[in-house]
Amino acid sequence: MNAMVHAKAESRHLLSGNEAVARAAWEAGVRVAAAYPGTPATEILESIAFYPDIYSEWSVNEKVAVEVAIGASLAGSRALAAMKHVGMNVASDAFMTQSLAGVVGGLVMVVADDVGLSSSQNEQDSRYWGRFGHMPILEPADSQEAYDMVKQAFVLSEEHETPVIVRMTTRVCHVKAMVTFGGERIEHRALGFQKNSQRWVMTPANAKPRLPLMHERDRVLRATSEASDFNAIVKGSDRRIGFVTSGPAFMHVRETFPNAPVFKLGFSHPAPLERIRAFAGEVDTLIVVEETEPLLEIELRAVGLDVRGKDILPRFGELAPNVLRPALKPLLGEPYEVATRHQIEVFPRPPTMCASCPHLGPYFALSHVRNLNIIGDIGCYTLGAGHPWNALDTCTCMGASLSMAHGMDKGRGESDEQKHIVAVIGDSTFLHMGMQGLLNMIYNRGNVTVLLLDNRSVGMTGGQENPGTGQDLHGLPAPRVDFAKLAEALGIRPERIRMVDPYELPTMVKLVREEIKMAEPSIIITNRPCSLTERFERFKPYTVLDDKCTGCGNCIDLGCPAISVARRQTAIAKSGKTKALVFARIDANACTGCHMCVETCAPEAIVQPLPAPTIRIQPHG
């Protein structure tokens, strides 16, 4: 990365799509970049942070990130905001209005759709936002196009005074490819904010005159799309079928049907309808291949084109060759047999938490308390829904646990009268969108126990910083939120704010049992750092004494991946027969010495081994 950052002359580098976006932003003269971590977009801002010419920050959520970028744009600077697809939902209030008002400095929003649900709670198509918000969309198919299109997006943004969406997918974000880039940064002088209340103050009276301008911009942008080099025809000899496609789906189409002509969309919205109409006349059947929704297919049908699309292709997941081939071969009258192979049964490996994860203690506690409805949130702690804890009942979106728990409290049915409601949320998620839910709960006299799991990182996306960690994106000291004071400021009584070391399992269980009995909102705040961050302190690993282990399984209930089950054969006295005994094993390479398992072990079979004795050799007299 450092070599790429300092590259000056034109050169080629192996870059992921996310890294290519960062390089393009630097060369384009971006002065401000903001984002909130979210796979598969996280590395965009992490890569931008290497460029000292760009002010970059982790914002508390995506809406704030876009608003920061908008402010920089209005000051005349080029600005970029990055997020994953669900972050666009959070940010939409800001950019939907700004699309109407327009921009000054180039404003580009890079959104990464998680096609195939690799690490998300839903699969949505962010191309809708371009149509909904009247903004152009560029769709790269690989790292080189990500670099090229981001640079052009700033030109397009300033030329048409509009925000521009660059729509990535997981396949582009994380796959590396060779990228040729220019090497020099083009500085853009910011002229400063020019006051114009009729344009920038979006009251109804000021917004209405902007509507015709926005719709006229749509017409101009469609003409620009018709002429764009990002929209191109790839010729093919087999004209029985032709394709119109964009993004990584183009790569899949070319791999599957290398001889078929393809209309490749890069400037995908507004779509170049007339060029596609002309292309359709050159093939027998035109097939629209798009991930994931039939947006373009609907538009082409609306202008009278006879196309095939989601009637033969799935509306979810990646349209890889193993999907395209069986779906389209029958259309050509060619038989297609699905290759059958013996399926090897592999032992399932569900996702689990890390050894010494500070979330293990809270979920162990929740799994040992009865009559709970546990409302979850987005983060590593979502894994609490799995085995062996089974201690999470819902998970919807960032920050929803507090609001949903409050609603469940107010909407209790007869079957829930005797149940206590617990909301679980992480530190970064609480700051992202959870504070409002807690304030609402307190204001409206809800009765929910909140578990605020403070592991001092954005754990699920790789341990990024947030306002609760005490460091910023660049690792520099920053003000750190005091969650206890914040909870009190929002209205929780000091007596109901409990701080706890999540490694102290008896205390953890005791606090949960105490606080769920309170007839008012209460909060339990844990205070151990993520075990994968530099803030975590490792201790001497533990081992199991075989002769003391009874095989009770209490330590297994903790869910620590360093602990496993083993079996041994032992002889039974007098009979001479053998019997299989189950006992625990601790992997010394994984154990970090957190001592949680020790507190589950009644026979005291889990110990730290004594150091090997030092043998001293006495010199001959």
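A few notes on this one:
- Residues in region 54-84 that are assigned to a strand (DSSP E or B) and within 20 Å of the chain's Cα centre (by Cα): Ser56, Glu57, Trp58, Leu80, Ala81, Ala82, Met83, Lys84.
- Sole residue being touching a helix residue (DSSP H, G or I) at 6+ places or on another chain (Cβ under 8 Å) and crowded, with 18+ Cβ neighbours inside 10 Å, chosen from Val288, Val303: Val288
- Checking each residue in region 371-403 for being surrounded by 23 or more Cβ atoms within 10 Å (Cβ to Cβ), more than 17 Å from the chain's Cα centre (by Cα) and either assigned by TED's automatic domain parsing to the domain that holds Thr39 or outside any loop (DSSP other than H, G, I, E, B) (or both) picks out Ile374, Ile375, Gly384, Ser401, Leu402.
- Residue match in region 33-41 (condition: in contact (Cβ under 8 Å) with a residue 24 or more places away in the chain, among the small types (Gly, Ala, Ser), outside the structural domain of Leu431 (by TED's automatic domain parsing) and surrounded by fewer than 24 Cβ atoms within 10 Å (Cβ to Cβ)): no
- Filtered residue count, region 461-490, keeping only those that are surrounded by 14 or more Cβ atoms within 10 Å (Cβ to Cβ), touching a residue at least 12 places away in the same chain (Cβ under 8 Å) and not aliphatic (A, V, I, L, M): 12
- Filter result for the condition that a residue is in contact (Cβ under 8 Å) with a residue 40 or more places away in the chain and out of contact with any Ser or Thr (no Cβ under 7 Å at 6 or more places or on another chain), over Ala20, Ala28, Ala91: Ala28
- Hits in region 143-164 - residues which are in contact with a helix residue (DSSP H, G or I) (Cβ under 6 Å, 6 or more places away or on another chain), of a type in the set (A, V, I, L, M, F, W, C) and either within 13 Å of Ile44 (Cβ to Cβ) or touching a residue at least 60 places away in the same chain (Cβ under 8 Å) (or both): Ala146, Val150
- Test: Glu514 is in the same structural domain as Leu451 (by TED's automatic domain parsing) and either under 30 Å from Arg370 (Cα atoms) or outside any strand (DSSP E or B) (or both): yes
- Among the criteria (1) of a type outside the set (Gly, Ala, Ser); (2) touching a helix residue (DSSP H, G or I) at 6+ places or on another chain (Cβ under 6 Å); (3) modelled with pLDDT under 95, the one Asn455 does not fulfil is (2).
- Looking only at region 508-534, and only at residues there that are of a type in the set (Ser, Thr, Tyr) and at pLDDT 95 or above, the one that is farthest from Arg493 (Cα to Cα): Thr526
- Any hit, region 147-163, residues being modelled with pLDDT under 95, assigned by TED's automatic domain parsing to the domain that holds Ala22 and closer than 29 Å to Asp125 by Cα: no
- Filtering region 219-259 to residues that are assigned to a loop (DSSP other than H, G, I, E, B), surrounded by 13 or more Cβ atoms within 10 Å (Cβ to Cβ) and in contact with a Pro (Cβ under 6 Å, 6 or more places away or on another chain) leaves Asn231, Gly236.
- Qualifying residue in region 428-442 (condition: assigned to a helix (DSSP H, G or I), closer than 23 Å to Pro529 by Cα, more than 26 Å from the chain's Cα centre (by Cα) and touching a residue at least 40 places away in the same chain (Cβ under 8 Å)): no
- Candidate set: region 162-218, residues that are surrounded by 13 or more Cβ atoms within 10 Å (Cβ to Cβ), of a type in the set (D, E, K, R) and out of contact with any His (no Cβ under 8 Å at 6 or more places or on another chain); chosen: the one nearest to Phe267 (Cα to Cα): Arg167
- Some residue of region 492-501 being of a type in the set (A, V, I, L, M), at pLDDT 95 or above and out of contact with any helix residue (DSSP H, G or I) (no Cβ under 7 Å at 6 or more places or on another chain): no
- Boolean, Leu117 is part of a helix (DSSP H, G or I), surrounded by fewer than 21 Cβ atoms within 10 Å (Cβ to Cβ) and either at pLDDT 95 or above or not aromatic (Phe, Trp, Tyr) (or both): no
- Total residues in region 483-517, condition farther than 30 Å from Val598 by Cβ, touching an Asp or Glu at 6+ places or on another chain (Cβ under 9 Å) and not charged (D, E, K, R): 2
The values are calculated or read from the model by the stated rules, or taken from the named source; none is laboratory data. Quick caveat: nothing in here was measured; it's all calculated off a predicted structure. Reconstructed Cβ throughout: ideal geometry from the backbone, glycine too, with neighbour counts over all protein chains shown.
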